[in-house]
């Protein structure tokens, strides 16, 4: 997904999103922004905000495995 597409999905200007990603500024209304991501992509707002444990995905054998926690660069740490 392109940066601009994600910004459009969130309903923010592309320049604002680019500034957040570059660490130049922070979004206002972070909770509502997290809820928009949840509605658009099904990722828990609580997980995005760091108030919930990582979601799990089912393994083929029936056990579940935790999804990797993302660092500030949005790269898996596991």
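Bear in mind these aren't lab numbers, they're just calculated from the coordinates by the rules spelled out. Since the model is a prediction, treat every value here as computed from it, not as a measurement. Note that we place each Cβ from the backbone using ideal geometry, even for glycine, and neighbour counts take in every protein chain shown.
By how many nm would the segment from residue 16 to residue 49 grow when fully extended, if each residue of separation counts as 0.36 nm and the alpha-carbon distance is taken off?
Contour length minus Cα-Cα distance gives 10.0 nm.
Using a simple spin-label model with points 7 Å from Cα along the Cα→Cβ vector, what separation in nm is obtained for residue 24 and residue 1?
Distance between label points: 2.2 nm.
Let me make sure I get this right: for the stretch 3-53, a, b and c are the square roots of the gyration tensor eigenvalues over alpha carbons, sorted descending. Under 1.5 in a/c it's rounded, otherwise prolate if a/b > b/c, else oblate. Which is it?
oblate
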